[in-house]
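Have a look at the structure below before the remarks.
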Amino acid sequence: MLKSVNVNRMNDSTHEILKTKPRIPYTAAAGSITNALDGVKEYDCEQIPVIQSFPKYDFTIVVRGDSMQPNILGGDEVACKKIDEKSFIQWGKVHVLDTAQGIIVKRIYEDGDKIKCVSYNPEYPPFSIDKKDIYSYNLVVGLLRI
């Protein structure tokens, strides 16, 4: 005789598989700064399954351009952890910055009232952005490449 199973019940491992994080529907420029953005709401985002092998992260975003080559290629998707302004910023690490000029992905360094943005590709010179023009700092904690 078959036992009936309640299909509405999930065990903890099934629930973990169904957790999702938002994929920001814009791309992070890794070549030039993109057009200004009005911001994005979570309901505007595609929800993708959580990548369990990554450290905790808040969202993913696709990278465009070649300024971060060879480490990050155009088309790669990076997982990002939001950094609040009182947190320790990891200088020299790759961050996705939401700026008045658009979303960019660069290694960042302290530069007085500015943040110095540096590419891996030596063909792209460093540049600085006023801190007041940066809306959010997001540390890159993982990368997907297909």
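If we count other beta carbons within 10 Å of each Cβ, what is the order of ASP113, ASP76, fewest first?
Sorted ascending by nearby Cβ count, the order is ASP113, ASP76.
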*Hey, what did the range 53-146 get for relative contact order, percent, Cα under 8 Å, at least 6 apart?*
33
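May I ask for the net charge around VAL118, where only other residues with Cβ less than 10 Å from the Cβ of VAL118 are counted and Lys, Arg are +1 while Asp, Glu are -1?
Around VAL118, the surrounding residues sum to +3.
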*Convex hull volume per residue for the range 53-146, taking Cα atoms only, in Å³*: 97
_Calculated FRET efficiency for the pair ASP111/LEU144, C-beta based, R₀ 30 Å, to 0.05_ = 0.50
*Calculate one ³J(HN,Hα) per residue across the range 98-112 by plugging θ = phi - 60° into the Karplus curve 6.51 cos²θ - 1.76 cosθ + 1.60, and present them in order as whole Hz with x for glycine and proline.*
9, 10, 4, 9, x, 9, 10, 10, 7, 6, 10, 9, 4, 8, x
*Packing-based ranking, highest mean first, of 100-106, 66-72 given that Cβ atoms within 10 Å are counted*: 100-106, 66-72
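Read the figures in this text as sums done on the coordinates, not as results from a lab. All values reported here derive from a predicted model rather than from experimental measurement. All Cβ positions, glycine included, derive from the backbone under ideal geometry; neighbour counts span all protein chains shown.
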